[in-house]
Structures are given as C-alpha cells and as structure tokens.
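Below is one structure, written out as structure tokens; the observations come after it.
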Amino acid sequence: MSERLILSTTYPVFIGVTLVCMCGCAILMGRALARAWRPARHALPYGLLLALSGRFLIYALFDGELLSPSGFVIDLYCILMSALITYRLTLAAQMVRQYPWLYERFLLFGWRARRAR
C-alpha cells in the first residue's frame with residue numbers, strides 16, 4: 001500500500017507535522033497534566049484536539065486529506081502514546097521526589113513503597 005492511502009499524506013509531512021510538532025505538544029501536555037496532579041484520562045480530549053489540529057495543518061499546508069479516518073487514527077495513536085508515556089514518567093519522578101520517605105523508584109514508569117531498613 002502507498003503511504004497516501006494509509007496516512008493520507010507523505011512520510012516527510014507525517015514525520016514533520018505529526019511526530020515532531022504534534023507529539024512534541026503532546027509531550028508538553030503529558031508533563032503539564034502530571035505536574036498538576038490531573039488524572040491520565042484528561043489526555044484524551046486534549047489529544048483529540050491535537051490530532052484534529054494536526055490533520056488541519058496537513059490539509060491546509062501540504063494538500064493532505066482532511067477527513068481521513070486512517071490518518072486521524074494513526075495521528076491520534078502517536079499523540080496519545082507520547083502524552084501517556086510522558087505523563088507516567090513525570091508522575092513517577094514526581095511521586096519519588098515529593099514523597100521520598102514513602103516511595104522509591106521502581107523501573108522506569110513506576111514507584112513502590114520504601115522498604116523498612
């Protein structure tokens with residue numbers, strides 16, 4: 001299949017607009033949600049807005065297809081994964097930093113109760 005059928009745009013445009021610009025915004029969004037102690041479910045409406053704005057930029061600037069379901073789903077997936085991974089990384093670091101007597105870092109995305117010594 002051609003990239004035009006799946007993404008409704010070319011690979012360089014997808015990489016530039018979706019992966020660099022929109023996923024960069026999603027990373028900042030995930031950090032902001034975690035620092036404000038908001039639940040992860042708040043990333044969904046913001047991610048939908050970012051995916052819609054990304055589709056509009058591709059349509060307006062690069063003659064892509066605006067109402068492409070497959071392109072929108074792929075954009076939304078990349079944006080939500082970027083936001084949720086960043087959210088979890090930031091939240092784990094914040095829990096350990098803010099409550100060092102209760103928690104210790106566990107792997108990359110988590111924390112656990114500090115063991116009695």
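With the requirement that a residue be closer than 15 Å to ASP75 by Cβ and in contact (Cβ under 8 Å) with a residue 24 or more places away in the chain, what does the stretch 28-49 give you?
MET29, ALA43, LEU44, TYR46, GLY47, LEU48
If the Cβ limit is 7 Å and pairs must be 6+ apart or interchain, which residue in the stretch 61-76 that is touching a residue at least 40 places away in the same chain (Cβ under 8 Å) pairs with which residue that is open to solvent by 90 Å² or more (accessible area, probe 1.4 Å) and part of a loop (DSSP other than H, G, I, E, B)?
Note: pairs meeting the criteria are GLY71/GLU65.
Would you call ASP75 surrounded by fewer than 20 Cβ atoms within 10 Å (Cβ to Cβ), of a type in the set (Asp, Glu) and out of contact with any strand residue (DSSP E or B) (no Cβ under 9 Å at 6 or more places or on another chain)?
No; evaluated as a whole, the condition is false for this residue.
Report the residue count in the stretch 107-117 for those that are open to solvent by less than 90 Å² (accessible area, probe 1.4 Å) and either without any contact (Cβ under 8 Å) to a residue 12 or more places away in the chain or assigned to a helix (DSSP H, G or I) (or both).
Qualifying residue count for the region: 2.
Does SER68 satisfy the condition of being polar (S, T, N, Q) and modelled with pLDDT under 95?
It is true that SER68 is polar (S, T, N, Q) and modelled with pLDDT under 95.
Among LEU52, LEU19, LEU84, which is in contact (Cβ under 8 Å) with a residue 24 or more places away in the chain, open to solvent by 70 Å² or more (accessible area, probe 1.4 Å) and part of a helix (DSSP H, G or I)?
LEU19
The values are calculated or read from the model by the stated rules, or taken from the named source; none is laboratory data. Please read all numbers here as calculations on a predicted model, not as lab measurements. In this analysis, Cβ positions are derived from the backbone assuming ideal geometry, glycine residues included, and neighbour counts consider all displayed protein chains. Side chains included, ligands, DNA and RNA excluded: accessible areas come from the protein's heavy atoms. Shrake-Rupley method; radii C 1.70, N 1.55, O 1.52, S 1.80 Å.
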